[in-house]
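What follows is a single structure, written as structure tokens, with notes after it.
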Amino acid sequence: MIEAISERITEFLADSKEISKDIDEFSCYKYGIEIALSTMLNIVLILSIGAVTGRFIESVIFLAVFIPIRQFSGGYHADTYFRCNMFFCISFVMVLLLFEILKVYNSVYLLLAIDLFSLSIIAFFSPIENRNKPIPAEKRMGLKLKAILISALISLVSLIMHCYSVVYGSLLSCTLLMISVLIISGKIKERRKRNYES
């Protein structure tokens, strides 16, 4: 569906002479529109789940943490937009469930362990490439440093919030953990693909 809508929008832009009908430029714009539509749909889905379940603030916090780090760290990418939307929603629901568990245990040491694990995975493995968007070698270190810096800042905020009994500190750590799990999943998928191709 996203591909079909993107195709129509791109054709409209080409017919309106806003973009060239050159195949490379057309494909580039079409892919950009697909990504924009998929991202908007993901945001709407997460906010809707948050609103329906009475977890709207949690959905906003999840998106505010997830989107900037994933932009630099990369991670697991589904093969279709439907699967992407589905995995994103499942990721959010899993973060909410883990958040509820952590609220019961209320341990700063557990939170610290989660943050250190997540930071280690992000520092060691990121950025994970998307097959449709290869990362030039000269940009890899910059992306890695940005992912580490943002994650470290979020970990620090999480621990400070926890010390002041702000429950949302645990949500920040849960989101970081989910990002690290998706990075590991992306690495495993990448390795399997390489083994299959060789």
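The values are calculated or read from the model by the stated rules, or taken from the named source; none is laboratory data. These figures come from a predicted structure and were not determined experimentally. Cβ: placed from backbone, ideal geometry, glycine included. Neighbour counts: every protein chain shown. The area values use the complete protein model at the heavy-atom level, side chains included, leaving out ligands, DNA and RNA. Shrake-Rupley method; radii C 1.70, N 1.55, O 1.52, S 1.80 Å.
For the stretch 95-119, the set of residues classified as of a type in the set (Gly, Ala, Ser) and either in contact with a helix residue (DSSP H, G or I) (Cβ under 8 Å, 6 or more places away or on another chain) or within 21 Å of residue 60 (Cβ to Cβ) (or both) consists of 118 only. Of everything listed in (1) modelled with pLDDT of 85 or more; (2) open to solvent by 40 Å² or more (accessible area, probe 1.4 Å); (3) under 25 Å from residue 34 (Cβ atoms), the single unmet condition for residue 77 is (1). For residue 97, the stated conditions hold: it is modelled with pLDDT of 75 or more, closer than 30 Å to residue 184 by Cα and surrounded by fewer than 14 Cβ atoms within 10 Å (Cβ to Cβ). If we scan the stretch 81-92, do we find a residue that is at pLDDT below 90, polar (S, T, N, Q), within 20 Å of residue 183 (Cβ to Cβ) and assigned to a helix (DSSP H, G or I)? Yes; the residues of the stretch 81-92 include at least one that is at pLDDT below 90, polar (S, T, N, Q), within 20 Å of residue 183 (Cβ to Cβ) and assigned to a helix (DSSP H, G or I).
Check 156, 171 and return the single one that is modelled with pLDDT of 90 or more, open to solvent by 90 Å² or more (accessible area, probe 1.4 Å) and farther than 27 Å from residue 79 by Cα.
156 is the lone residue from the list that is modelled with pLDDT of 90 or more, open to solvent by 90 Å² or more (accessible area, probe 1.4 Å) and farther than 27 Å from residue 79 by Cα.
Note on the stretch 109-128: residues that are of a type in the set (Ser, Thr, Tyr) and either farther than 13 Å from residue 179 by Cα or in contact with an Asp or Glu (Cβ under 7 Å, 6 or more places away or on another chain) (or both) total 1. For the stretch 101-140, the set of residues classified as at pLDDT below 85, assigned to a helix (DSSP H, G or I) and surrounded by fewer than 10 Cβ atoms within 10 Å (Cβ to Cβ) consists of 104, 137, 138, listed by residue number.
In the set (1) within 30 Å of residue 167 (Cβ to Cβ); (2) open to solvent by 40 Å² or more (accessible area, probe 1.4 Å), the condition left unmet by residue 28 is number (1). Does the stretch 2-22 contain at least one residue that is under 27 Å from residue 146 (Cβ atoms), open to solvent by 40 Å² or more (accessible area, probe 1.4 Å) and in contact (Cβ under 8 Å) with a residue 12 or more places away in the chain? No - not one qualifying residue is present in the stretch 2-22. Taking the criterion of being open to solvent by 70 Å² or more (accessible area, probe 1.4 Å), at pLDDT 75 or above and among the β-branched types (Val, Ile, Thr), would at least one residue in the stretch 39-50 satisfy it? The answer is yes, given that some residue of the stretch 39-50 is open to solvent by 70 Å² or more (accessible area, probe 1.4 Å), at pLDDT 75 or above and among the β-branched types (Val, Ile, Thr).
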